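> The structure is given below, and queries will be raised subsequently.
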Amino acid sequence: MSTLLAVDGLDVTFDRHRVLADLSLHVQAGEILGIIGETGSGKTTLARAVVGLSPVRAGRITFEGTDLTALRGKARRAWRRAGQVQYVFQDPLRALDPQHTVARIVAEGLVVAGTLDRAAIDARVRAALAQVGLDQSLAARLPGQISGGQRQRVLLARAVALQPRLLLCDEPVSALDASNRNHVLRLLADLRDRSGVTVVVISHDLSSLAGIADRVAVLYGGRLVEQGPIGRVLSEPRHPYTALLTASAPSVRREHPIPARALRPAPDHRPVAAFGPDACSYASRCPFATQACVTAPSTAGSEWSVACHHADAWRSRLAVGAMSTRRTA
Ligand SMILES: Nc1ncnc2c1ncn2[C@@H]1O[C@H](COP(=O)(O)OP(=O)(O)O)[C@@H](O)[C@H]1O
Ligand SMILES: [Mg+2]
């Protein structure tokens with residue numbers, strides 16, 4: 001597989017608040033990559049950085065060799081109009097103009113691109129609606145006249161209409177009920193299988209990703225803590241935060257389950273050091289943190305990487321901890 005999108009050493013700051021720190025992540029052509037992290041970990045900021053909507057302070061974002069962070073003026077506008085990367089917003093209701101019909105919304109990007117005539121645009125809109133499983137009769141409706149699941153599909157149709165190479169879907173199922181959630185997730189997998197589009201799915205819910213993603217990247221406090229093939233990461237998490245995530249998601253199958261309570265700091269836990277902005281982002285919550293964690297670990301490994309000074313080794317501490325708990329009990 002070849003790299004489609006490369007994010008290297010990305011830093012994003014809002015009002016001196018470092019929201020993404022030294023983040024590196026590569027997306028392979030044709031894969032479905034899941035990005036998981038709790039609310040506020042920087043997932044949306046990362047996706048928006050790729051489409052030029054976050055204030056990038058340092059780092060590079062390259063799409064098949066084109067440095068997106070270096071695009072300015074005319075070149076930048078042309079890149080956007082071409083629509084190769086589509087960001088699907090987190091909140092369908094807010095992202096859709098309530099006064100515009102579904103057909104007009106789905107046609108929006110194509111009209112802006114200006115490369116197709118009306119008949120060709122109409123044909124693309126019909127095809128896009130069909131691709132996301134929406135009935136053509138909905139084309140004349142307004143966003144307020146369709147269901148939440150249908151609105152999410154309209155957002156997807158708008159993106160798909162541009163025949164993008166990369167789809168960045170921000171929490172595409174978090175507002176949906178369980179049955180709609182499964183439909184939309186399957187739809188994303190279908191789109192990838194049929195058109196070869198590369199898909200990044202952002203979620204704060206591990207179980208949504210487990211069924212469809214090929215790889216997963218775990219974000220905590222603006223830093224990437226672990227990334228790798230999803231099956232292996234979920235069954236043998238190497239970062240304490242990933243382990244806690246998997247332990248807290250009962251539907252995710254694991255080979256060696258570790259109880260969540262063993263991965264949370266004890267009530268009397270005191271961080272061993274004052275962890276500053278250069279520390280591991282998880283240090284102050286990590287039961288295994290040591291003095292070493294005042295500096296952020298770099299991510300080692302390419303296929304499966306983990307940013308933890310105690311990667312894997314924390315498991316043996318876990319065993320020792322369990323024994324001492326037993327002794328004092
Ligand atoms: N436009 C903005 N201005 C200031 N702070 C922001 C802005 N967007 C996001 N943030 C901050 O960046 C952090 C990460 O936010 P976000 O990327 O939305 O996280 P997630 O999508 O993982 O929930 C949060 O602390 C949030 O308050
Ligand atoms: Mg978000």
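> What's the Kirkwood radius of the stretch 93-163 in Å, using all Cα pairs?
One over the average 1/r among Cα pairs gives 11.7 Å for the stretch 93-163.
> Turning to a different aspect of this structure: Order these peptides, 292-298, 244-250, 279-285, by their mean beta-carbon neighbour count within 10 angstrom, highest first.
Listed from highest to lowest mean packing, they are 279-285, 244-250, 292-298.
> For the stretch 181-280, what is the charge dipole size about the Cα centre, in debye to the nearest 20, if Lys and Arg each add +1 at the Cβ and Asp and Glu each add -1 at the Cβ?
Approximately 140 debye in magnitude.
> Which percent of the accessible heavy-atom area of the chain goes to carbon and sulfur, probe 1.4 angstrom?
So the carbon and sulfur contribution to the accessible surface is 51 percent.
> Which residue, chosen from Ala6, Cys169, Ala29, occupies the Cα position most advanced towards the positive end of the dipole of the chain, where the dipole is computed from +1 (Lys, Arg) and -1 (Asp, Glu) charges on Cβ about the Cα centre?
In the chain, that residue is Cys169.
> Okay, moving on. Near the amide H of Glu226, under 5 Å away, which other amide H atoms are found, from residues 5 or more places off or on another chain, if H is placed in the peptide plane?
When sequence neighbours closer than 5 places are left aside, the close amide H contacts are Val218, Ala307.
> Where does the chain land at 222 nm, in deg cm²/dmol rounded to the nearest 500, when only DSSP H runs of n ≥ 4 count, each adding -39500 (n - 2.57), divided by all residues?
-10000 deg cm²/dmol
> If you don't mind, another one. Using the Karplus equation 6.51 cos²θ - 1.76 cosθ + 1.60 (θ = phi - 60°), what ³J(HN,Hα) coupling, rounded to whole Hz, does each residue of the stretch 32-41 give in order, writing x for Gly and Pro?
After applying 6.51 cos²θ - 1.76 cosθ + 1.60, I find 10, 9, x, 10, 10, x, 6, 4, x, 6 Hz.
> If the only charges are +1 at each Lys and Arg Cβ and -1 at each Asp and Glu Cβ, what is the size of the charge dipole of the stretch 158-225 around the Cα centre, to the nearest 20 debye?
Computed about the Cα centre, the dipole is about 220 debye.
> Among Ala307, Ala95, Pro297, pick out the residue whose Cα is farthest towards the positive end of the charge dipole of the chain, where Lys and Arg carry +1 and Asp and Glu carry -1 on C-beta, about the Cα centre.
The listed residue farthest towards the positive side: Ala95.
> Using only the C-alpha atoms of the chain, find the volume of their convex hull and express it per residue in Å³.
Spelled out: Cα convex hull of the chain, divided by residues, is 147 Å³.
> How many angstrom lie between the C-alpha centres of the stretch 54-105 and the stretch 278-302?
33
> The stretch 48-98: D in µm²/s via Stokes-Einstein (Kirkwood Rh, Cα pairs, 10 °C, 1.306 mPa s)?
129
> What distance in nm separates the simple spin-label points at Glu64 and Asn182, each placed 7 Å from Cα in the Cβ direction?
For the pair Glu64/Asn182, the computed spacing is 3.6 nm.
> Compute the acute angle (0 to 90°) between the alpha-carbon long axis of helix 73-82 and the principal axis of greatest extent of the alpha-carbon atoms of the chain; round to the nearest 10°.
Between the helix axis and the principal axis of the chain, the angle is about 80 degrees.
> If you don't mind, there's one more thing I want to ask. Rounded to two decimals, what is Rg over Rh for the stretch 71-206 when you use alpha-carbon atoms and the Kirkwood radius?
0.95
> Using a 10 Å cut-off on Cβ atoms, rank the peptides 228-237, 56-65, 211-220, 90-99 from the highest mean neighbour count down.
Highest-to-lowest ranking by the protection proxy: 211-220, 228-237, 56-65, 90-99.
> Before I look further, what does the chain give for accessible area per residue, probe 1.4 Å, in whole square angstrom?
Value returned for the chain: 48 Å² of accessible area per residue.
> With unit charges on the beta carbons (Lys and Arg positive, Asp and Glu negative) and the dipole taken about the Cα centre of the stretch 80-148, which residue among Gln86, Gln145, Thr115 sits farthest to the positive side?
Sorting the options by dipole projection puts first Thr115.
> Ok, one more. Counting Lys and Arg as +1 and Asp and Glu as -1, what is the net charge of the other residues whose Cβ lies under 11 Å from the Cβ of Gly196?
Here the charged neighbours net out to +1.
> Still on this structure: Say we join alpha carbon atoms closer than 10 Å with springs in a Gaussian network model of the chain; which of His239, His100, His269 then has the biggest fluctuation?
Its mean-square fluctuation being the largest, the pick is His269.
> For the stretch 152-203, rounded, prolate or oblate, judged on the Cα gyration tensor with a ≥ b ≥ c (square roots of eigenvalues), a/c < 1.5 rounded, else prolate if a/b > b/c?
prolate
> Something else about it: Assuming 0.890 mPa s and 25 °C, estimate D for the stretch 182-276 with Stokes-Einstein, Rh taken as the Kirkwood radius over Cα pairs, in µm²/s.
Using the Kirkwood radius from Cα pairs, D works out to 164 µm²/s.
> Classify the stretch 1-79 as rounded, prolate or oblate from the Cα gyration tensor: take a ≥ b ≥ c as the square roots of its eigenvalues, call it rounded if a/c is under 1.5, otherwise prolate when a/b beats b/c and oblate if not.
Oblate, since a/c reaches 1.5 and b/c is not below a/b.
The values are calculated or read from the model by the stated rules, or taken from the named source; none is laboratory data. Since the model is a prediction, treat every value here as computed from it, not as a measurement. No Cβ is skipped: glycine too gets one built from the backbone with ideal geometry, and neighbour counts run over all protein chains shown. Quick note on the areas: whole protein, heavy atoms, side chains included, nothing else; ligands and nucleic acids left out. Shrake-Rupley method; radii C 1.70, N 1.55, O 1.52, S 1.80 Å.
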